[in-house]
Structures are given as C-alpha cells and as structure tokens.
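The values are calculated or read from the model by the stated rules, or taken from the named source; none is laboratory data. A quick note: this is a predicted structure, and the numbers were derived from the prediction, not measured. Every residue, glycine as well, gets a Cβ built from its backbone with ideal geometry; the counts of neighbours run over all protein chains shown. Just so you know, the surface numbers come from the protein's heavy atoms only, side chains and all, with ligands and any DNA or RNA stripped out. Shrake-Rupley method; radii C 1.70, N 1.55, O 1.52, S 1.80 Å.
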2 protein chains.
Amino acid sequence: MFDSKAFIENSLEEIRRTVGESRVISACSGGVDSTVATYLVHKAVGEKLVAVFIDDGLRREGEPEFVVRVLKSFGIKTRLIDAKAEFFAVFKGRTDAEEKRKAFREKFYSTLGKVAKEERIDYIVQGTIKADVIETVKGIKSQHNVLSQIGINPEIYGYKILEPLKDLFKPDVRKVGRQLGLPSEISERMPFPGPALSLRVLGEVTPERVAIVRKATQIVEEETGHLGTFQNFAVLHNDKATGIKDGHRLYGNIITVRIVDSEDAVAARATQVPNETLRKIVMRITREIPTVVRCLYDMTDKPPATIEFE
Amino acid sequence: MFDSKAFIENSLEEIRRTVGESRVISACSGGVDSTVATYLVHKAVGEKLVAVFIDDGLRREGEPEFVVRVLKSFGIKTRLIDAKAEFFAVFKGRTDAEEKRKAFREKFYSTLGKVAKEERIDYIVQGTIKADVIETVKGIKSQHNVLSQIGINPEIYGYKILEPLKDLFKPDVRKVGRQLGLPSEISERMPFPGPALSLRVLGEVTPERVAIVRKATQIVEEETGHLGTFQNFAVLHNDKATGIKDGHRLYGNIITVRIVDSEDAVAARATQVPNETLRKIVMRITREIPTVVRCLYDMTDKPPATIEFE
C-alpha cells in the first residue's frame, strides 16, 4: 500500500536538499502529473519556484486561462508564455509522427530554455511518471519529458532536471495530489499528452486543423465527461472521405473518438460507451464542425494499439 | 406494390426487341444488380449473350472463382479475363479518390472494349439501378456504370448500353432475382461497389494493400454475416498509427469496420453491433493481419457520411 504522506515528506526533504539555494522553474501543462510535481516543489522551496505555462497553440479550449488561474490560486509565481506562432512555424510541412514529436520537443525546450535564462534558474521540474519511463525504455514512445532516460543530456540546455514523481504510477500521483489538498478538478484530471493536440492531428499541424480537433475534443468531453473513464478524446485524420452536406457531395474530414479505461496507462481497454451517447457525439461533431463528414470509434485495447495515435 | 412477374415479362420483350439479331456482352461482377441483369438478358436472348468477369485484382477472397461457377451453372456462356496486373498499373502513384475512380473506370471500359471487339457485339449490359442514377445526377458519386447519365457517349467505346434495371430500387432487384429463380446466395447478396476494394484502400492501391483489406473484409464478413445487415465491410486507411506488437512499438495500419442498415442505399444507418462481436473482430484483425494495430468502427449514418469512404 502506497503511503502518500510518507512519500510527500521524503520528497519535500529530498527536493530541498537537491535544490539548495538555487532557483527552479516548472513547466506546468495543467495535467495532473505536472501540476502535482509543480505544487510539490512549490511546497518544498516556495518563492524559489516559478511555474511556466507555455501556450503552444495546441491546448484544449480555455485551458491556458484555466491552468494559470489554478496555479495563481495556489500562490505559485506563474508566467504564461505565448509561443503559438513559433510552434506552428516548426510544424509547417511536417507529417511524420516522430518528426512532429521531435519538432515539438525541440521547440518546447528552446522556449523553456529562454525562460530559464531569464529567470536565472538551475533546475527545471518535470512531471515524469513511471509509465513514461517504462515506455521510453521499451521504445514504445519517445516521451518528451524523460530526457535523461533516452540519453539526452539536459545540461546542453543549460539546466538540470528534477523529476519528483518518476517512481509513481498514475493512481499514486492522484493520491499525492489529494493528500496535498489539491482540488479534485486537478487530482482527478484525465491524462493529457505533453505534445497535446499535435498528436491528435494526423498529418500536418496547422491552426485550422488544431481548431477542428479542439472543437471535437470539447464535444467528446462534454458528452462523456460523466462516464468517469480514464481518457476521452478526438483525433483528426489526414485521410478524407466522401460525405453529403446540404444535399451535396463533400470530400470531408474524419474524426475518431477514443475513450479508454485504464489504471495506469500501461494497458487500457476501449470503453463500451452507450450507443445513444455515441450517436449524440456523431450528430454534434458532424453538425457543429462543417468540414467533418464522418465519425469513427476506436475499438482497440492497448495493446495492440497505444492510447494515442502518434 | 412492385409486380416482379410483370416487370420480367415486359423486360424480356423489350430486351429482345432492342437487341434483335445483335450479340451482347454483360460485365458481371457477381453483385446482385449485375447478376440479375445478366440472367435477365440471358433469358431474353440466350446464346447471343456472353458474360464477362473481369478479374481486376480488387475482388473479395475467392470471388472470381465463385462468380464464374455460378454463371456457368445457369448455362450462361462466361469468360474470365485476368486483368490484375493492368489494373494495378493504372493505380500506381494515384492517391486522389476521384482520380482512382476515373483510372478504374477507364481501365474497366478499355478492358471490356477489347472483349467486345473480340466477341463482335453491339450491346453491353450493365446492372445500373435507380439509386446509382439518382446519386450520379445529384453529383454525390460518379457511378462508373451510368455513362449515359453523366454525358459520356458510350459509342466512343464502340458499343451501346443496355440497363434493364435502371428504374428499380435494390429491394425490387432482389424480388426480380427471386422471381427468376436465382439462388438466395445471389438474390440476397450484399451490395458491392463496382471499383471494388479500390474504394476501400484509402491512398495508393497496391497488391499488398488490397491483400490487407481483403483479409479484413473476410474477417468482418465471417463475424457479421449472420446479422443480416445491408452492408458490412472493412476499409484500410492511408493514415498510420502507433501500436505495440510483441512488446515493441509498431507504426502500423488502421482498419475501419463499416456496417450499415439500409433499404435502398440512398439513406443508411450505422448498425449497433453487439460489443462482443466488435471485440472479436478487433482481436482477429489485429492478430491475423500483422501490420494492423488499430480497428475503428464507423458510427456515421448516411447522410452526413456516404456508405463507402471514396
């Protein structure tokens, strides 16, 4: 049985000892992992921490404002960096999944590196958890926030990495969040990938295509949030398909809805969603997003699929 | 109420009057429309008809042998034309849906044109039905077998078109089939598009990619044939997605399963298939086809989607 109280006490002590008199930044995406990590370090070193939310243009509807509001409500010094145009610039013309991840990762670190310089810090906090470490080592994905695991020396970016949650699985991270007194809208949050909606736009990532998947994501979340599943999201295909809108043929977009149950993201099961819920989602997505003519549901467990498409 | 007996009597008379002493070929795909049309003309003009099955490499597992066997069992003179290599040659490098349809159509007619010359015929039978005509006129699809409807003069190919079923909807075509005494494996057959599996391979049509969708189609038919739905098939995406096979990351293929209920193909409803059936399909497809890591289910009615993807 995981003892969250003991874990927190040990962590606070270890973080204080490691950080010493240095300054620290934490790139907080608003996900449970990075928010718990940020709050833990804040509790350990107080004003020596600056939280940074990088608005890469790839976040869910209303997310940047929400995250900054939550962090400030904890009394954490917080900076919102608007890097939307820079991120879209690096995605231009890229369609390969691994190249997109790499482009995101490099832009993420160079953006954070600039802030790190401005803030004269030595340490950067990351919300790496055990599943990330396992999958990176296995080669299933190159997780952008476990640099040291994949042989990249973080010092080339000019700072050291602090990963206080890297030995925990997701349920224990949530326990730590609850024990720290975080509101349930944070501690019970669904996982959301670092490269955000860029993984959910197959093919080229453009502002227009992100807007489509952002709207579809909002609809899926509104219609399935009450199910209490592990993750629920939408993916925009690069493939197109024929459809009929206003009585005319339209070669339009395809959206896949992905909803899974899981304990720790290492394995997952495609959720059996009530048919009337699925039909409502299809109706809303195809009506509210004019270019979408088709909605698919991902029926595949992990393995053999992964939760995300890229 | 449609009177199939009267329809047949009138048709036989009209076909005899039209054809006179000419010779006729019928391109029979084995679908209910073209098989009923072929048999009707055979009844009308007997030995003056030669049925032609063009093996374009795009048919379902075992289909060419099955169709030729059935036609011969009716006493119809039948030729099997092996044009696999020629069809794959015209698909090479083509990824646009409309271009693929056009390439198929042209190769289909040039192949048939060659046979027509050899057989010295004047008429060619086609299994056009009313839904094809309506959708071609509306511009929803360019149906390959309603040339005259889209302003193409069939005489440039050197023959005239005979479309005995062009005023019937699908249920009435089946009634005619039953009235003619065709076995139920023909009269109750599911619709299958003229350009066959080429419509179900998004992106480039290659022998390898057709083999993947052919195998997936076979699995879907085996697992859902008993449902008695209007159509059930598989589509291979051009998009790929990450998955895990044998513990390792695989950037693999995506298959969508499409099952619909419909009366006449003009409108259709995505079938609510029992969850255990869908799970079995996913398990079989991802196990029996090594490159496939993900299976999706198309939840979209027609409209706003079409039944086929291209």
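General remarks:
- Count of segment A:261-300 residues, restricted to those that are charged (D, E, K, R), under 20 Å from the mean Cα position of the chain (by Cα) and modelled with pLDDT of 95 or more, is 3.
- For segment A:26-42, the condition holds for no residue, the condition being that it is modelled with pLDDT of 95 or more, aliphatic (A, V, I, L, M) and in a strand (DSSP E or B).
- Candidates A:Lys114, A:Lys102 - the one that is open to solvent by 10 Å² or more (accessible area, probe 1.4 Å), assigned to a helix (DSSP H, G or I), over 27 Å from A:Ile15 (Cα atoms) and out of contact with any Gly (no Cβ under 9 Å at 6 or more places or on another chain): A:Lys102
- A:Arg69 vs. criteria under 30 Å from A:Glu9 (Cα atoms) and without any contact (Cβ under 8 Å) to a residue 24 or more places away in the chain: yes
- Some residue of segment B:279-289 being of a type in the set (Lys, Arg), buried (at least 23 other Cβ atoms within 10 Å of the Cβ) and either closer than 29 Å to B:Ala27 by Cβ or more than 9 Å from chain A (Cβ to nearest Cβ) (or both): no
- Matching residues in segment B:11-25 - criterion: being in a helix (DSSP H, G or I) and surrounded by 12 or more Cβ atoms within 10 Å (Cβ to Cβ): B:Ser11, B:Leu12, B:Glu14, B:Ile15, B:Arg16, B:Thr18, B:Val19
- Counting the residues of segment B:290-308 that are farther than 18 Å from A:Val282 by Cβ, touching a strand residue (DSSP E or B) at 6+ places or on another chain (Cβ under 6 Å) and open to solvent by 10 Å² or more (accessible area, probe 1.4 Å) gives 1.
- A:Val201 meets the conditions (1) touching a residue at least 60 places away in the same chain (Cβ under 8 Å); (2) open to solvent by less than 10 Å² (accessible area, probe 1.4 Å); (3) over 21 Å from A:Gly228 (Cα atoms) in every case but one. The failed one is (1).
- Among (1) open to solvent by less than 30 Å² (accessible area, probe 1.4 Å); (2) over 20 Å from B:Leu202 (Cα atoms); (3) within 9 Å of chain A (Cβ to nearest Cβ); (4) not β-branched (Val, Ile, Thr) - the single one B:Phe230 does not satisfy: (3)
- Scan segment B:196-227 for residues that are more than 14 Å from every other protein chain (Cβ to nearest Cβ), touching a strand residue (DSSP E or B) at 6+ places or on another chain (Cβ under 8 Å) and among the charged types (D, E, K, R) and the total you get is 1.
- Criterion: touching a strand residue (DSSP E or B) at 6+ places or on another chain (Cβ under 7 Å), buried (at least 19 other Cβ atoms within 10 Å of the Cβ), in a loop (DSSP other than H, G, I, E, B) and at pLDDT 75 or above - qualifying residue of B:Ile121, B:Ile140: B:Ile121
- Failed criterion for A:Thr95 (all others in (1) out of contact with any Lys or Arg (no Cβ under 9 Å at 6 or more places or on another chain); (2) surrounded by fewer than 15 Cβ atoms within 10 Å (Cβ to Cβ); (3) in a helix (DSSP H, G or I); (4) not aliphatic (A, V, I, L, M) hold): (3)
- Taking the criterion of being open to solvent by 60 Å² or more (accessible area, probe 1.4 Å) and either within 14 Å of chain B (Cβ to nearest Cβ) or of a type outside the set (D, E, K, R) (or both), the residues of segment A:154-180 that qualify are A:Ile156, A:Tyr157, A:Phe169, A:Gln179.
- Screening A:Leu296 against (1) out of contact with any Asp or Glu (no Cβ under 6 Å at 6 or more places or on another chain); (2) within 7 Å of chain B (Cβ to nearest Cβ) leaves a single unmet condition, (1).
- Selection count where residues are facing chain A (nearest Cβ under 8 Å) and either open to solvent by 40 Å² or more (accessible area, probe 1.4 Å) or of a type in the set (Asp, Glu) (or both), scope segment B:265-278: 2
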